[in-house]
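Here is the structure we will look at, set down as structure tokens.
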Amino acid sequence: MPNRYNFRSDEYGGSLENRVRLFREIIEETRDAVGDSMGVAVRFSVDELRGAEGLEADKEGREIVEMLAELPDLWDVNISEWHNDSQTSRFAAEGYQEPFIDFVKQVTTKPVVGVGRYTTPDRMVSIVEKGIVDMIGAARPSIADPFLPRKIEEGRIDDIRECIGCNICVAWDSMKAPMRCSQNPTNGEEWRRGWHPDRISTKSDDGAVLVVGAGPAGLEAALAAGQRGLDVMLAEAVDELGGRVSRESRLPGLAAWARVRDYRGYQISQMANVEIYKSSALSAEQILEYGIAHVAIATGARWRSDGYGRQHQFPIAGMESGNLFTPDDIMSGNRPSGSVLIYDDDHYYMGSVVAEQLIADGCRVVFATPHAVVASWTDYTLEQHRIQARLLELGVEVVTSHALQEISSLDATLACIYSGKTRLVDASSVVMVTSRLPEDAVYQELAADADRLRESGIVTLKQIGDCHGPATIAAAVYETGAVSTLRLSTI
Ligand SMILES: Cc1cc2nc3c(=O)[nH]c(=O)nc-3n(C[C@H](O)[C@H](O)[C@H](O)COP(=O)(O)O)c2cc1C
Ligand code: SF4
């Protein structure tokens, strides 16, 4: 391996033995300092996934473990850097580190722990039985469900809140903000919020709860209110639970996102005090007639087709003549054909998964964005490089630093955000991935008449999740903690 950092010519540089000396001394001195009072565990990345430019598991990565084999009390082995270690479900399946670490147990008698988004007990058992590791490490799986080991021990497999592999936790960690999780609504804040999805106290409030909409926010609200012992009615307009996670999980690479639905759907199906009504779109009038004390409106959001986003705060010129689609169209099966421009002013995952879908459908795809790279926000989820590489591999034409200026039925005009210089793109259709609007008509109608709400017996009314403010799945799940504690805005 060529030296990238170590250019020393003393006993800490040159040969592998010399370059490993510092590592060895740190382990030895730690052992001297702690004696027999505790074990010394060592984390070591056996492969950097840089080929010959970095450590490789079948070359120096292995040699280093062989050299230090019996020195630590436990080997915690993985791959680096962070974007390789914490890969998302979109790009790596459970157990993705196994091919790199599977040699370690052959060269040491010390216990070995490995990671790789292990969420399913069968897979965990299988790699222990195969002799690849002695212990399963779980960073994200235990962020999503800190009781994972106990649930396995007690055979409560259906109760596991499985990590969906979205890396929202990584994103918030990278932003130095309190961590959020798409599956765990109180992750890291149990102490402040006073509850936990597995430990939630019952509520003395005797009012029943009506939750309208069974997307992430509605499901979480129904679950948490049900756990608190309240009578809950959950009404969903279509014949499937999950809202956006069900729709999005059918897009390329996002199948694991359905776990947000599956965990909650199963839990509430086991609760005698939660009734689920599918194919039951409720109007404001019907909600008033029911007169249930606490009403949470979780009717989600829809993608805009007019181009409003970060770049444009006005409709795109020529919209009326364009053949326009939104991600909602793509997800509902209303798809363009031929040459398509995807205009991404959202900068998260949606534009790129729509691109993958349309390529799979046989379209010719141009992907334009005002930012300098594709899906720029996914830097935070460690995916940006992989997303852009995948689009290029799939033959998507990527046009960065360009805003959509005008649309016609045959083409689209893009303008460089720096020079203003324009270029024409052949596109018989345009998919707008720019921003979303709350689907809050029912909430607004109810909120407009406080007297009628009071007369009907409704005590509290709240819009939650994307219906309140379109955001991440994690934001919707987090916010509904407010519903679970029934700190709803009083009318
Ligand atoms: C939010 C977050 C913070 C992390 N911080 C560290 C860290 O400080 N040091 C480290 O070696 N690994 C860190 N990791 C990586 C994990 O230890 C683990 O190796 C990686 O996430 C793969 O395991 P998993 O699939 O079980 O999550 C972090 C992971 C996450 C999700
Ligand atoms: S935020 Fe996503 S990746 Fe992180 S633990 Fe939660 S579900 Fe898993």
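Within region 115-129, take every residue that is under 22 Å from the mean Cα position of the chain (by Cα) and not aliphatic (A, V, I, L, M) and give me the one that is farthest from ligand 1 (Cβ to nearest atom).
121
With the condition being under 20 Å from residue 90 (Cβ atoms), I'd like the helices (runs of 4 or more DSSP H) fully within region 125-207 carrying at least 3 qualifying residues.
140-144, 168-174
Please find, within region 85-104, the residue that is farthest from the chain's Cα centre (by Cα) out of those that are away from ligand 2 (no atom under 15 Å from the Cβ) and crowded, with 20+ Cβ neighbours inside 10 Å.
Selected residue: 104.
Tell me the residue from 164, 127 that is touching a Ser or Thr at 6+ places or on another chain (Cβ under 8 Å), β-branched (Val, Ile, Thr) and at pLDDT 95 or above, please.
164
Can you say whether residue 446 is surrounded by 15 or more Cβ atoms within 10 Å (Cβ to Cβ), free of Cβ contacts under 8 Å to residues at least 40 places away in the same chain and in contact with a helix residue (DSSP H, G or I) (Cβ under 6 Å, 6 or more places away or on another chain), as far as the supplied structure shows?
Judged against the criteria, residue 446 is not a match.
Condition check: at pLDDT 95 or above and not acidic (Asp, Glu). Does residue 235 satisfy that?
Spelling it out, residue 235 is indeed at pLDDT 95 or above and not acidic (Asp, Glu).
I need the full set of residues from region 124-144 which are within 16 Å of ligand 2 (Cβ to nearest atom) and surrounded by fewer than 20 Cβ atoms within 10 Å (Cβ to Cβ), in order please.
Within region 124-144, 137, 139, 142 qualify.
So which residues in region 261-301 are at positive phi and buried (at least 16 other Cβ atoms within 10 Å of the Cβ), if there are any at all?
300
For (1) within 13 Å of ligand 1 (Cβ to nearest atom); (2) touching a residue at least 40 places away in the same chain (Cβ under 8 Å), each residue gets a yes or a no:
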position	(1), (2)
142	yes, no
150	no, no
179	yes, no
182	yes, yes
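State whether one or more residues within region 52-66 are surrounded by fewer than 13 Cβ atoms within 10 Å (Cβ to Cβ) and more than 24 Å from residue 115 (Cβ to Cβ).
yes
Does at least one position in region 105-121 carry a residue that is among the charged types (D, E, K, R), in contact (Cβ under 8 Å) with a residue 12 or more places away in the chain and on the phi > 0 side of the Ramachandran plot?
yes
Would you check if residue 171 is more than 27 Å from residue 297 (Cα to Cα), outside the structural domain of residue 96 (by TED's automatic domain parsing), surrounded by 18 or more Cβ atoms within 10 Å (Cβ to Cβ) and modelled with pLDDT of 95 or more?
For residue 171, the condition - more than 27 Å from residue 297 (Cα to Cα), outside the structural domain of residue 96 (by TED's automatic domain parsing), surrounded by 18 or more Cβ atoms within 10 Å (Cβ to Cβ) and modelled with pLDDT of 95 or more - is met.
Restricting to region 313-329, name every residue that is touching an Asp or Glu at 6+ places or on another chain (Cβ under 9 Å) and in a helix (DSSP H, G or I).
The answer is 319, 327.
Taking residue 257 and the conditions (1) more than 16 Å from ligand 2 (Cβ to nearest atom); (2) aromatic (Phe, Trp, Tyr); (3) in contact (Cβ under 8 Å) with a residue 60 or more places away in the chain, which numbered condition does it fall short on, given that it satisfies the others?
(1)
Per-residue answers, yes or no, for (1) crowded, with 22+ Cβ neighbours inside 10 Å; (2) within 24 Å of residue 87 (Cα to Cα):
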position: 318; (1), (2): no, no
position: 336; (1), (2): yes, no
position: 339; (1), (2): no, no
position: 344; (1), (2): yes, yes
position: 369; (1), (2): yes, no
position: 386; (1), (2): no, yes
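Determine, yes or no, whether residue 373 is surrounded by fewer than 20 Cβ atoms within 10 Å (Cβ to Cβ) and in contact with an Asp or Glu (Cβ under 9 Å, 6 or more places away or on another chain).
Here the answer is yes, as residue 373 does meet what is asked.
Identify, please: which residue in region 155-170 is of a type in the set (A, V, I, L, M, F, W, C) and more than 9 Å from ligand 1 (Cβ to nearest atom) and is, among those, farthest from residue 265 (Cα to Cα)?
168
Just checking, does region 21-30 include any residue being under 31 Å from the mean Cα position of the chain (by Cα) and either hydrophobic (A, V, I, L, M, F, W, C) or more than 20 Å from residue 134 (Cα to Cα) (or both)?
No, region 21-30 contains no residue that is under 31 Å from the mean Cα position of the chain (by Cα) and either hydrophobic (A, V, I, L, M, F, W, C) or more than 20 Å from residue 134 (Cα to Cα) (or both).
Scan region 1-20 for residues that are surrounded by 13 or more Cβ atoms within 10 Å (Cβ to Cβ), in contact (Cβ under 8 Å) with a residue 12 or more places away in the chain and part of a loop (DSSP other than H, G, I, E, B) and jot them down.
Once the filter is applied, which keeps residues that are surrounded by 13 or more Cβ atoms within 10 Å (Cβ to Cβ), in contact (Cβ under 8 Å) with a residue 12 or more places away in the chain and part of a loop (DSSP other than H, G, I, E, B), region 1-20 yields only 1.
In region 21-43, is there at least one residue being touching a helix residue (DSSP H, G or I) at 6+ places or on another chain (Cβ under 7 Å), of a type in the set (Val, Ile, Thr) and touching a residue at least 40 places away in the same chain (Cβ under 8 Å)?
No, there is no match, as no residue in region 21-43 is touching a helix residue (DSSP H, G or I) at 6+ places or on another chain (Cβ under 7 Å), of a type in the set (Val, Ile, Thr) and touching a residue at least 40 places away in the same chain (Cβ under 8 Å).
Can you name the residue in region 73-83 that is surrounded by fewer than 21 Cβ atoms within 10 Å (Cβ to Cβ) and within 15 Å of ligand 1 (Cβ to nearest atom) and is also nearest to the chain's Cα centre (by Cα) among such residues?
Result: 83.
The values are calculated or read from the model by the stated rules, or taken from the named source; none is laboratory data. What you see is a predicted model, and the numbers here were worked out from it, not measured in a lab. In this analysis, Cβ positions are derived from the backbone assuming ideal geometry, glycine residues included, and neighbour counts consider all displayed protein chains.
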